[in-house]
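The values are calculated or read from the model by the stated rules, or taken from the named source; none is laboratory data. What you see is a predicted model; the values in this text were computed from it and never measured. In this analysis, Cβ positions are derived from the backbone assuming ideal geometry, glycine residues included, and neighbour counts consider all displayed protein chains. SASA here: full protein model, heavy atoms, side chains in, ligands and nucleic acids out. Shrake-Rupley method; radii C 1.70, N 1.55, O 1.52, S 1.80 Å.
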Amino acid sequence: MIKRKLGINIDHVATLRNIRGNNFPSVSKAALVALSSGADSITVHLREDERHIKPSDVLLLKKILNKPLNLEMALTKKMISFATKVKPEFVCLVPEKRKELTTEGGLNLFYNLSLLKKSILKLKSINISVSLFIDPEIRMVKQAIKLKADNIEIHTGSYCNFLNNKNKIKSRLEFNKIKSAAKFASKNNLGVHCGHGLDYISTKNIRAIKEISEFNIGHFVISQSVFDGLSNVIKKLSKIVKN
Ligand code: PXP
């Protein structure tokens, strides 16, 4: 049985901080609280418009964290160059549209292929573990294998939306797609992570898929912390993921 890991995405601590333009709440303090409460890694998405996390946050986190940093970013030359300077333990390549509220779908692994191939090789050559954020589709998993990615991160957003809307049929269908993609990837030696839209209930459900080794959770953690506190929320999620 794979040991499950919990990655905490702290982008929205930066969202809150940026509203007032000072350093409160502190992104690095949130990261340290997350790690001491059971998180195994910290995720930040450095968007091209820097709407929440800034390059300086990434640099500081890399310096102070004693557990892995997972840098989510778009597939652009500028971001790849930044990642090669920071050298986080993980890079997760995600699609990015300027006007979207959040990452709306998985990366199209058949698009911009030359840059994608070069970037994966470059990152892996300096010991960064590369993850590709994809929709739960076997053709995408096959392409991730061809591209020699280390891991895939399966987009769980649709599943979570259907579950929250109590659409049993569609949530079951999405769940099965995630399960098939995870099994296929794992059989082919890809690490399988998942994330997007997860909360206590969806995490518990998806945990039933034993091939998934890592859960990356952000918005729910920061939102639920308003009521219960960051440490308590992460402790509860950690129990769900690891028990
Ligand atoms: N994984 C990836 C690749 C993401 O882009 C995001 C959102 O930034 C997450 C996980 C976390 O999603 P959420 O904030 O909905 O938990």
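Highlighted here are the strands (runs of 3 or more DSSP E) found entirely within segment 1-101 that include at least 2 residues which are within 20 Å of Lys118 (Cβ to Cβ) and open to solvent by less than 30 Å² (accessible area, probe 1.4 Å): 69-73, 90-93. Scanning segment 126-139 turns up at least one residue that is more than 30 Å from Asn205 (Cβ to Cβ), touching a helix residue (DSSP H, G or I) at 6+ places or on another chain (Cβ under 9 Å) and surrounded by fewer than 16 Cβ atoms within 10 Å (Cβ to Cβ). Going through (1) farther than 26 Å from Ala34 by Cβ; (2) away from the ligand (no atom under 16 Å from the Cβ); (3) free of Cβ contacts under 8 Å to residues at least 40 places away in the same chain one by one, Lys62 falls short only on (1). When we screen Lys85, Lys29 for residues that are of a type in the set (D, E, K, R), without any contact (Cβ under 8 Å) to a residue 40 or more places away in the chain and over 19 Å from Ser129 (Cβ atoms), the only hit is Lys29.
Out of curiosity, is Ser202 out of contact with any strand residue (DSSP E or B) (no Cβ under 8 Å at 6 or more places or on another chain), more than 23 Å from Val91 (Cβ to Cβ) and open to solvent by 30 Å² or more (accessible area, probe 1.4 Å)? It is false that Ser202 is out of contact with any strand residue (DSSP E or B) (no Cβ under 8 Å at 6 or more places or on another chain), more than 23 Å from Val91 (Cβ to Cβ) and open to solvent by 30 Å² or more (accessible area, probe 1.4 Å). Note on segment 226-235: residues that are more than 14 Å from Asp40 (Cα to Cα) and either of a type in the set (Lys, Arg) or not in a helix (DSSP H, G or I) (or both) amount to 1. Tallying residues that are closer than 14 Å to Lys210 by Cβ and surrounded by fewer than 18 Cβ atoms within 10 Å (Cβ to Cβ) within segment 185-198 yields 1. More than 13 Å from the ligand (Cβ to nearest atom), at pLDDT 95 or above and surrounded by fewer than 21 Cβ atoms within 10 Å (Cβ to Cβ): is that true of Ile120 in this structure? Answer is no for this residue.
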